[in-house]
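Novice: This is the structure I have questions about; it appears just below.
The values are calculated or read from the model by the stated rules, or taken from the named source; none is laboratory data. Computed from a predicted structure; not experimentally measured. FYI the Cβ positions are ideal-geometry reconstructions off the backbone, even for glycines, and counts take in every protein chain you see.
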Amino acid sequence: MKIKETILLFIIFILLCLNSTNAGTWQTLDVPGTGNGTVANGINGNNIVLSYAQHSYLYNGESWSNIDAPNTNITKARGIEGNNIVGDYDMNGYLYDGLNWTILSAPGAVFTSAYGISGNNIVGDYWDSNHRYGFIYNGTTLTTIAPPNSINSGAHGIDGSNIVGWYSSRQGSSHGFLYNGVTWSDLDMTGVKVTRAYDIDGSNIVGYYDDDSIKSHGFLYNGITWTTLDAPGAIETRVYGIDGSNLVGGYRDASGWHGFVYTVPEPGTLLLFAFGSLALRGFDKLTTGRKY
């Protein structure tokens, strides 16, 4: 083998090894003692809130804790920030600070659920006798928020003044949305009828979309690029929460639903390949005199 070919193969080998090291990882999260039925709904740092059957759990990366509201039949934990957890139990939304359970119920609602929290603001949705609406609660006042011309809607994620969620239109399609307190923007994966946004962290938005066979695929949208996320071996994947480079949700395989945490590949991976391509071209130019 020629020296040039040997050096090129060595460079490619190094690049592939580095890429393997930086590749994204999937970790299944099933509540201990269960085989399926777990879904991870929210993440903040090392803490993840999950639901299984009619119960909720907190997982800190090492240990599991049950976080069911007292004297209730069903508790669903859906979002977390610091010590504060939001969700719903027995038809009411709640805020749990580690000690106290505070009920959140929209006036006239038959069901209220809290999904996301950022500072003093909580978002979620509620049902009246006919429709579903998103809301924001600032610690004092619960205000309905719904995209113009929507039939049903839900607010699921919040980061600062930015809120994401979904709404259904009179045409029968379901759209994701981004609302900054003034302007509504649609979030639609190209070529699909159902897109739902569930959480936001900075410029990154996660959720899921349905394909033509009505199977769900998770997505990560950075404001420019849509990236489909399917757990290995999954029939369906849904992403519900994001914090930095870590995403959580649920995937369904032949045995049922499982929670997961997915770590996004480091941006350096893409830069590495770009650098590698330039390095190979530069090496080729030095050895052959070829111009690009």
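Novice: Can you tell me which residues in segment 39-49 are under 15 Å from Gly116 (Cα atoms) and either without any contact (Cβ under 8 Å) to a residue 24 or more places away in the chain or within 13 Å of the chain's Cα centre (by Cα) (or both)?
Specialist: Within segment 39-49, Ala40, Asn41, Gly42, Ile43, Asn44, Ile48, Val49 meet the criteria.
Novice: Against the condition surrounded by fewer than 20 Cβ atoms within 10 Å (Cβ to Cβ) and at pLDDT 95 or above, how does Ser255 come out, does it pass?
Specialist: Here the answer is yes, as Ser255 does meet what is asked.
Novice: Quick check, is Thr28 among the hydroxyl-bearing types (Ser, Thr, Tyr), surrounded by 18 or more Cβ atoms within 10 Å (Cβ to Cβ) and at pLDDT 95 or above?
Specialist: So Thr28 does not fit the description; no.
Novice: For segment 193-216, which positions are assigned to a loop (DSSP other than H, G, I, E, B) and under 26 Å from Asp243 (Cβ atoms)?
Specialist: Gly202, Ser203
Novice: So, in segment 125-152, of the ones that are of a type in the set (Gly, Ala, Ser) and surrounded by fewer than 24 Cβ atoms within 10 Å (Cβ to Cβ), which residue ends up farthest from the chain's Cα centre (by Cα)?
Specialist: Among residues in segment 125-152 that are of a type in the set (Gly, Ala, Ser) and surrounded by fewer than 24 Cβ atoms within 10 Å (Cβ to Cβ), the one farthest from the chain's Cα centre (by Cα) is Ser129.
Novice: Does Thr195 satisfy the condition of being within 19 Å of Thr112 (Cα to Cα) and hydroxyl-bearing (Ser, Thr, Tyr)?
Specialist: No; evaluated as a whole, the condition is false for this residue.
Novice: Considering segment 58-71 alone, what residues qualify as being in a loop (DSSP other than H, G, I, E, B) and either surrounded by 15 or more Cβ atoms within 10 Å (Cβ to Cβ) or in contact (Cβ under 8 Å) with a residue 40 or more places away in the chain (or both)?
Specialist: Scanning segment 58-71 gives Ile67, Asp68, Ala69.
Novice: Additional query: Do we have Ser161 as touching a strand residue (DSSP E or B) at 6+ places or on another chain (Cβ under 7 Å) and either closer than 25 Å to Ile85 by Cβ or in the same structural domain as Gly119 (by TED's automatic domain parsing) (or both) here?
Specialist: So Ser161 does not fit the description; no.
Novice: Only one of (1) crowded, with 18+ Cβ neighbours inside 10 Å; (2) part of a loop (DSSP other than H, G, I, E, B) fails for Ala40. Which number is that?
Specialist: Result: Ala40 passes all but (2).
Novice: Contact list please: Cβ distance under 6 Å, first residue in segment 222-246 and over 18 Å from Thr38 (Cβ atoms), second residue surrounded by fewer than 12 Cβ atoms within 10 Å (Cβ to Cβ), pairs at least six apart or on different chains.
Specialist: Final answer for the pair search is Asn222/Ser203; Gly223/Ser203.
Novice: Could you list, ordered by first residue, the pairs with Cβ atoms under 6 Å in which the first is in segment 90-109 and farther than 17 Å from Thr143 by Cβ and the second is assigned to a loop (DSSP other than H, G, I, E, B) and of a type in the set (Gly, Ala, Ser), at least 6 apart or interchain?
Specialist: Cβ pairs passing all conditions: Asn92/Ser105; Trp101/Ala69.
Novice: Of the residues Thr227, Thr237, which single one is assigned to a strand (DSSP E or B), out of contact with any Lys or Arg (no Cβ under 9 Å at 6 or more places or on another chain) and at pLDDT 95 or above?
Specialist: The match here is Thr227.
Novice: Is there any pair with a first residue in segment 171-184 that is outside any strand (DSSP E or B) and a second that is among the polar types (S, T, N, Q) and modelled with pLDDT of 95 or more whose Cβ atoms are under 8 Å apart and which are 6 or more apart or on different chains, and what are they?
Specialist: Asn180/Ser161; Asn180/Asn162; Gly181/Ser161
Novice: If you don't mind, another one. Please pick out the residue among Gly139, Gly154, Gly119 that is within 17 Å of Ala197 (Cβ to Cβ) and either in the same structural domain as Tyr94 (by TED's automatic domain parsing) or not polar (S, T, N, Q) (or both).
Specialist: The conditions single out Gly154.
Novice: What are the residues in segment 155-174 that are of a type outside the set (Ser, Thr, Tyr) and surrounded by fewer than 24 Cβ atoms within 10 Å (Cβ to Cβ), if any?
Specialist: Residues satisfying the conditions are Asp159, Gly160, Asn162, Arg170, Gln171, Gly172.
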